[in-house]
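The values are calculated or read from the model by the stated rules, or taken from the named source; none is laboratory data. Note that the structure is a prediction, hence the values are computed from the model and not measured. Note that we place each Cβ from the backbone using ideal geometry, even for glycine, and neighbour counts take in every protein chain shown.
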Amino acid sequence: MRLEVKNAISGYGASAIVKNISMNVNSGEILCLLGPNGVGKTTFFKTILGFLKLKGGEILLDGENIHNWHRKKLAKAIGYVPQAHTPPFPFKVFDVVLMGRTAYLSMFSSPTKEDKHIAEKAMDDLKISYLKDKIYTEISGGERQMVLIARALAQQSQILIMDEPTSNLDFGNQIRVLEQINKLSQRGLAVVMTSHFPNHAFLCSTKVAFMQKNNVFTVGNVDEVVTEDNLKSAYGINVKIIDTKIDNGEIVRSCIPLIN
């Protein structure tokens, strides 16, 4: 499946926050959206997900404009993984994952055996079945994020929108989540994710979109977009990008902030 955004304009009320943005992501690709706070990344995501209406431009899925799509149809195509959160009720983990099947249920109907099987498989795929009967509010932040990804997989959408999937996670859990994102793309899913860490783009992105102030928007491969000049322009700090040769001979690129 191909997600294509053409000259998108969106915002709140009469205010346009995102202006004339264009990008695309195909099955098996990961697009990492970088940029400082306040430039419109969340607004952009809400627009793709249908929470905000476009003020101009188009959003296409496999060439079809989604402007008038019913919410259930859109949910079957695009899954959403929010930042890890604590819900007000102590649901079991399996029930949280099973909520991913909501788009397939009619009003007042209950999940079927097939729905439960799909939820169980999503947990198996992410190797978190051991959490099935635990209380969601009592597991770790990293485990909660994996549960939210499993919920999105149970939705069986072909595109995943992930809002800072490593937010508030420790270093180890950040890398584990990035490893799972890479595996999802290898399974053929298209992933669009935001991050505040440029190094995450080096670790798992096929493409990078850089959103800056004054509606500066740049899209390309990671080496073209994540440059010292772009990082300094966006974040107002000096950085150095270095290449490190690891044991297997592979070159790993990383971004090092410089403190005056």
Note on L203: of the conditions (1) aliphatic (A, V, I, L, M); (2) surrounded by fewer than 22 Cβ atoms within 10 Å (Cβ to Cβ); (3) within 22 Å of F44 (Cα to Cα); (4) touching a helix residue (DSSP H, G or I) at 6+ places or on another chain (Cβ under 6 Å), unmet is (3)
Inside region 128-141, the number of residues satisfying the requirement of being buried (at least 19 other Cβ atoms within 10 Å of the Cβ) and modelled with pLDDT under 95 is 2
Any chance region 135-147 includes a residue that's of a type in the set (A, V, I, L, M) and touching a Cys at 6+ places or on another chain (Cβ under 9 Å)?
no
When restricted to L160, L189, the only residue surrounded by fewer than 22 Cβ atoms within 10 Å (Cβ to Cβ), at pLDDT 90 or above and not charged (D, E, K, R) is L189
The correct count of residues that are assigned to a loop (DSSP other than H, G, I, E, B) and of a type in the set (A, V, I, L, M, F, W, C) in region 38-92 is 10
Exactly one of I118, I139 is among the aliphatic types (A, V, I, L, M) and within 16 Å of G100 (Cα to Cα), and that residue is I118
**Asked** Is there a residue in region 118-139 that is of a type in the set (D, E), assigned to a loop (DSSP other than H, G, I, E, B) and more than 16 Å from the chain's Cα centre (by Cα)?
**Response** yes
Filtering region 163-175 down to residues that are more than 22 Å from K121 (Cα to Cα), assigned to a loop (DSSP other than H, G, I, E, B) and at pLDDT 85 or above yields D163, E164, T166, D170
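Going residue by residue through region 182-190, is there one that turns out to be closer than 16 Å to T43 by Cβ and out of contact with any Ser or Thr (no Cβ under 6 Å at 6 or more places or on another chain)?
Within region 182-190, not a single residue is closer than 16 Å to T43 by Cβ and out of contact with any Ser or Thr (no Cβ under 6 Å at 6 or more places or on another chain).
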The correct count of residues that are among the aliphatic types (A, V, I, L, M) and in contact with a Phe, Trp or Tyr (Cβ under 9 Å, 6 or more places away or on another chain) in region 242-260 is 1
Filter region 2-25 for residues that are surrounded by fewer than 16 Cβ atoms within 10 Å (Cβ to Cβ) and in contact (Cβ under 8 Å) with a residue 60 or more places away in the chain; the one that is farthest from the chain's Cα centre (by Cα) is N20
Note on region 176-233: residues over 18 Å from S22 (Cβ atoms), assigned to a loop (DSSP other than H, G, I, E, B) and either basic (K, R) or touching a Lys or Arg at 6+ places or on another chain (Cβ under 7 Å) (or both) are R187
Within region 26-37, residues being assigned to a loop (DSSP other than H, G, I, E, B) and either surrounded by fewer than 17 Cβ atoms within 10 Å (Cβ to Cβ) or modelled with pLDDT under 90 (or both) number 4
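Do we have D125 as surrounded by fewer than 16 Cβ atoms within 10 Å (Cβ to Cβ), out of contact with any Pro (no Cβ under 9 Å at 6 or more places or on another chain) and charged (D, E, K, R) here?
On the way: surrounded by fewer than 16 Cβ atoms within 10 Å (Cβ to Cβ): no; out of contact with any Pro (no Cβ under 9 Å at 6 or more places or on another chain): yes; charged (D, E, K, R): yes.
Spelling it out, it is not the case that D125 is surrounded by fewer than 16 Cβ atoms within 10 Å (Cβ to Cβ), out of contact with any Pro (no Cβ under 9 Å at 6 or more places or on another chain) and charged (D, E, K, R).
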Here the residues within region 235-252 that are at pLDDT below 90 and on the phi < 0 side of the Ramachandran plot are K245, I246, D247, N248, E250, I251, V252
